[in-house]
Each structure stands twice: as structure tokens, then as C-alpha cells.
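The values are calculated or read from the model by the stated rules, or taken from the named source; none is laboratory data. Because the structure is a prediction, the values reported are computed rather than measured. Because the Cβ atoms are built from the backbone with ideal geometry, glycine has one as well, and the counts that use them run over all protein chains shown. Note: accessible area is taken over every heavy atom of the protein model, side chains too, but ligands, DNA and RNA are not part of it. Shrake-Rupley method; radii C 1.70, N 1.55, O 1.52, S 1.80 Å.
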Amino acid sequence: MSDNSQTSTRGNWGTRVGFVLAATGSAIGLGNIWKFPYITGVYGGGAFVLVYLFCVLLIGLPLMIAELMIGRRTQKNPVGAFKALHHEKSIWQMTGWLGIASGFLILSFYSVVAGWAIAYIFKSIVGFSGTTEMIQGQFIELVTSPKSSILWHTVFMGLTIAIVIGGIKKGIERWSKILMPLLFALLLGLMIYGLAFTHGGVQALSFLFKPDFSKLTAEGILSALGHAFFTLSLGMGAMLTYGSYMKRETNLIKDAITVSFLDTLIALMAGVTIFSMVFNYNLEPAAGPGLIFQTLPVLFAQTGPWISVPFFILLSFAALTSSISLLEVVVSYFIDERKWSRMKATLILGGMIYLTGILSAVASWQVMFRGKEQGWLDVFDFVTTNYMLPIGGLLTCIFVAWVMPDKDKVEEFGSRGIMYQGLILLLRFVTPLAVFIVILHGLELLPFMEYK
Ligand code: PFF
């Protein structure tokens, strides 16, 4: 199946560590540091975290293995991969198309939030001062100023495009190798600071790890599932694409476990850090998307730039190693299937994503969505995370479990032993059923449940 001449022109990871770092870099991003703490705050803490952890283990991990299997088997982009494993006109290629559409839309708003992070590096250097309202007002000022939002979105998209043009080894792998370990060290330092030197540590731990199920809603459960997909970069072919640059010798199960573990670890570390500060300063845990930008600077005003500058640099790094994987999914299709050069594909598609992102950058452009006026950023985020990724994941899972030939699966997995049987059992029944039920629950369509 794998055609070596094609493989070498597409590019490969230089080393196994290179792949693990790049995949971890894709997984760890704004999802862990910006989104996980804020949605945990919105959906009430511990119980949400528990559901999310279940989703990672029972749905995320098997699906990550499934995506890596498809990618490495076919050495192709998401659309080409489904065709290669089925047939040229296969309806399953729609799963790949859905993934490309998800990557396109996610990157468009992701870049806007990442742009805020870059803007905050500079705000941190100047320093935060004044009353809480004044500090929080700085964030409102930034997001409501189309000029600044678009400027920082431009900077971030420019960086993403430049790295992806560099290609697999020289671009993505080299950057991840430098950025990921640095990020871990920075976050560890901040977490220790939060636990040891503030009075919010104990409360943060109990908020995150003591579940109160009365706070859990249908939407909370759907969001926990959606977030498991988002944070592990699943359901849109990103792991499939990264897997396609993997060499055959590596053990993909071990790698999937490593990536999921590190991703979860970083999210929990970010949660502990941020909530220590939130409780220490009596701030609002359910502040929403502005959480890290509005509440943390209140702390940073007292601790000075030596904490805030590294924090926002870290956040921008993390966002960059994720955004390159989002763009890579979109670009790899045009390189493989349409035979475009990497340069052409990256510039044209990156440019289109950039333009779409302007919708999200201008906060005053709002639409009616789910009963209220909302900005495009929230609409794109909700639709991609809670519906497109879970549906993409569901289809991928059904494909691997029921359609992909047994021989292909066994060869990728490496054995037919009990672990393999367990994985197939999960992918056949447990994972798809769980995803399906949660989607219905999120739509408030489950029979036997009472929705208000
Ligand atoms: N996993 C990234 C994060 O947590 O920020 C976001 C992401 C990257 C989602 C790549 C999907 C994807 F394919």
C-alpha cells in the first residue's frame, strides 16, 4: 500500500521524537490553556472535568489510534486516504472533505484568539496597572477594535503560513522540537508558583477535582465531548495527516498514549494554574472566553512582567504548533490530489482562511444563533467543536471498525492480540454509540430524558 517514492516527495518525520513532539504540539494549544479553563469555569468545574476525562480515554484515545492507522497505512491526505482504503468514488471521502472544512473554519477563528495572545505579550511588556475594571477594559478594547484584532490576526496567520511553507521536516518538526519542551517548563514553573505562592491552590484543586453533578447540563456534556475532540486534534484528519508522514517502524499505540497523556496533563496543569489565581484574587471562574485575558492580568498587575510575558509567549507558541497542523490538513489535500506546489497551496488556502478569519476578528458583526446575537467567532467555535468534529470522528470510527480491511488494520496495529481485539470492540460499538448519544443529548433529542 505505501508507495515509497511518493512518500519521499511528500516528506516524512525525521525521527520518532519529531513525530511525537509535532503531534503533541498539534494537540496542545489554545484548547488546553485558553479554552479548557474557561469552559470548565462556565460548566461548573469537577463534574465537567470528569466527563471530559472519560471522553479522552474512551473516545479520544481509540480514535487517535484509528486516525494514525489510516494515515500511516495510506500515507495520504484525509480525502485520498479514504479513497485509497475503499475505492476512487467512495462516499467515505466525504469524511475527509468534512475534515478539511473543519480545519479551514477552526483555523479562521483560532488565529484571531492566537492574535490576542500575541497582542498580550506586548501589553505585558508595558505592564498591567490600574483598577480591575481598567485592566479588564483593555481586553474589551482589543476585541472591539477591528483594526487591532485584524492586525494581530494578520501577524499570526503570517507566521503559520511561513512555517507550513517550510514543509514537514524543516518547518513543523524543527519548530516543535524547540517550542514544546520550553512550553512544558514554563507551565510547570507557573503552576508551582500558583500552588505554592498563592492562597488559591487548594480551592483550585477542589474546584477541578471534586465533582458536583448538580452543575452538569446537557450542553456541558456535549461540550466535554466536543472539547475532547478539539483538544486532541481529532475528528478532522489532523492526526491522520500527521500519521501519514510517519515511518512504518514506530509503535503507533505508544505514541497515541503519549500524545493523549501529555495533552491532558498540560490542560490540567493550565487549569490548576489559572484557577489558583482566580480564587486567590476572588475573580469570576465563569468569566467565559475572556478568562485568561481578563482575570489573569489582574494578578499580573501585581506580579509584574516576569510572569505575564512568559505566560503569553507560551500561549502563542502553543497556538502556533496547533495552527500549523490545522493548515497542514487543508494544504496536504491540494498538494497530494491536485498536485499543487506546497508554496502555492499554502499561500492560496492560507489566504482564504485569513480572509474568513476577518469575520471573527470584527466583534461587532453578529448573527442570530441558538436564540441570541453572537459574533462569528462563537458561532464557528460552537459548530465546529460540538458538531463537525464529533461527526467527523464518528464517521472515521465507523470506517475503521467496519469498512477498513482487517489486514490493513492488523498490520498497522502490529498484532492480533488481546489489545487489538479490545480496540476493535471499542471502535465497533462503544465509541460510536457514545458519540452518537452525546450528540443527540446535546441537541436535547434523547428520548427518556427530560429537557426543560
Ligand atoms: N488541539 C488544538 C488545541 O487544543 O488548541 C486545536 C486543534 C488543532 C484542533 C488541530 C483540531 C486540529 F486538527
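Structure notes:
- Sole residue being closer than 25 Å to D381 by Cα and surrounded by 23 or more Cβ atoms within 10 Å (Cβ to Cβ), chosen from A81, A162, A114, A101: A114
- Within the stretch 211-241, considering residues that are closer than 15 Å to I28 by Cα and within 8 Å of the ligand (Cβ to nearest atom), the one surrounded by the most Cβ atoms within 10 Å (Cβ to Cβ): S233
- Scanning the stretch 332-350 for residues that are of a type in the set (S, T, Y) and either assigned to a helix (DSSP H, G or I) or farther than 13 Å from V164 by Cα (or both) returns S332, Y333, T346.
- Of the residues making up the stretch 302-331, those that are over 18 Å from W116 (Cα atoms), away from the ligand (no atom under 16 Å from the Cβ) and in a helix (DSSP H, G or I) number 3.
- Any hit, the stretch 305-317, residues being open to solvent by 10 Å² or more (accessible area, probe 1.4 Å), over 27 Å from S26 (Cβ atoms) and not hydroxyl-bearing (S, T, Y): yes
- Check on L187, within 16 Å of the ligand (Cβ to nearest atom) and open to solvent by less than 10 Å² (accessible area, probe 1.4 Å): yes
- Matching option when the condition is modelled with pLDDT under 95 and assigned to a helix (DSSP H, G or I), among I106, I33, I118: I33
- Residue in the stretch 272-290 that is within 13 Å of the ligand (Cβ to nearest atom), touching a Pro at 6+ places or on another chain (Cβ under 8 Å) and more than 21 Å from M419 (Cβ to Cβ) present: no
- Single residue of A185, A204, A228 found to be without any contact (Cβ under 8 Å) to a residue 24 or more places away in the chain and in a helix (DSSP H, G or I): A185
- Annotation note: of L268, L291, the sole residue that is at pLDDT 95 or above and either assigned to a helix (DSSP H, G or I) or over 16 Å from the mean Cα position of the chain (by Cα) (or both) is L268.
- Exactly one residue among E88, E133 is of a type in the set (D, E) and part of a helix (DSSP H, G or I), and that residue is E133.
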